[in-house]
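Colleague: Mind having a look at this structure? Questions to follow.
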């Protein structure tokens, strides 16, 4: 069967949690279980503010993209922030990440968003090769203050 990219559904939870755990391990992050549970609940809640697209092949989830939109002081229409993009290690290099980004860009065009943007770790060279094929890095540096 061909690769399918679609909106996340409640039945995806178990497969998503396995991918999410691998994503957190990749970034050496440890989140409390209640954060993961709240994230999943927000993804499924139409008013939750977080969307998720998943890529599947042969009824197996291979990757996901979480996103949110927000107003911008620089545009008249919303921007879309691609917060999390992850592809199972066994599926990397097979176009899954590209399909997720292209799907989100198409969704943005259909919904009148101004821009799609994301960031990644500087040393994430495999992902950066994919990202660079869409657009060059813009030179911004991220700062994060915990509150």
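Colleague: Tell me yes or no: at least one residue of segment 99-119 is in a strand (DSSP E or B) and within 18 Å of residue 13 (Cβ to Cβ). Reasoning before the result, please.
Modeller: Within segment 99-119, the first condition is being in a strand (DSSP E or B), and the residues that meet it are 115-117.
Remaining after also requiring within 18 Å of residue 13 (Cβ to Cβ): none.
Among the residues of segment 99-119, not one is in a strand (DSSP E or B) and within 18 Å of residue 13 (Cβ to Cβ), which makes the answer no.
Colleague: Okay, moving on. If you scan segment 54-79, which residues turn out to be touching a residue at least 12 places away in the same chain (Cβ under 8 Å), touching a strand residue (DSSP E or B) at 6+ places or on another chain (Cβ under 8 Å) and more than 17 Å from residue 22 (Cα to Cα)?
Modeller: Correct list: 57, 67, 68, 69, 72, 75, 78, 79.
Colleague: Tally the residues that are within 13 Å of residue 64 (Cα to Cα) and out of contact with any helix residue (DSSP H, G or I) (no Cβ under 7 Å at 6 or more places or on another chain), restricting the search to segment 25-50. Break it down into steps so the answer makes sense when it comes.
Modeller: Taking segment 25-50 as the starting set, the residues that turn out to be within 13 Å of residue 64 (Cα to Cα) are 40, 43, 50.
Narrowing further to those that are out of contact with any helix residue (DSSP H, G or I) (no Cβ under 7 Å at 6 or more places or on another chain): 43.
Result for segment 25-50: 1.
Colleague: Additional query: Could you grab me the full set of residues in segment 41-53 that are more than 10 Å from residue 9 (Cα to Cα) and touching a residue at least 24 places away in the same chain (Cβ under 8 Å)?
Modeller: 50, 51
Colleague: Which strands (runs of 3 or more DSSP E) does segment 1-88 wholly contain that include 2 or more residues that are exposed (fewer than 15 other Cβ atoms within 10 Å of the Cβ) and modelled with pLDDT of 95 or more? Outline the logic, then answer.
Modeller: On the way: elements: 4-7, 51-57, 60-70, 79-87.
So the answer is 4-7, 60-70.
Colleague: Just wondering, is there one or more residues in segment 96-107 that are in contact with a strand residue (DSSP E or B) (Cβ under 7 Å, 6 or more places away or on another chain), at negative phi, surrounded by 14 or more Cβ atoms within 10 Å (Cβ to Cβ) and modelled with pLDDT under 95?
Modeller: Among the residues of segment 96-107, not one is in contact with a strand residue (DSSP E or B) (Cβ under 7 Å, 6 or more places away or on another chain), at negative phi, surrounded by 14 or more Cβ atoms within 10 Å (Cβ to Cβ) and modelled with pLDDT under 95, which makes the answer no.
The values are calculated or read from the model by the stated rules, or taken from the named source; none is laboratory data. None of the values given here were measured: they were computed from a predicted structure. Heads up, the Cβs are rebuilt from the backbone with ideal geometry, glycines too, and the neighbour counts pull from every protein chain shown.
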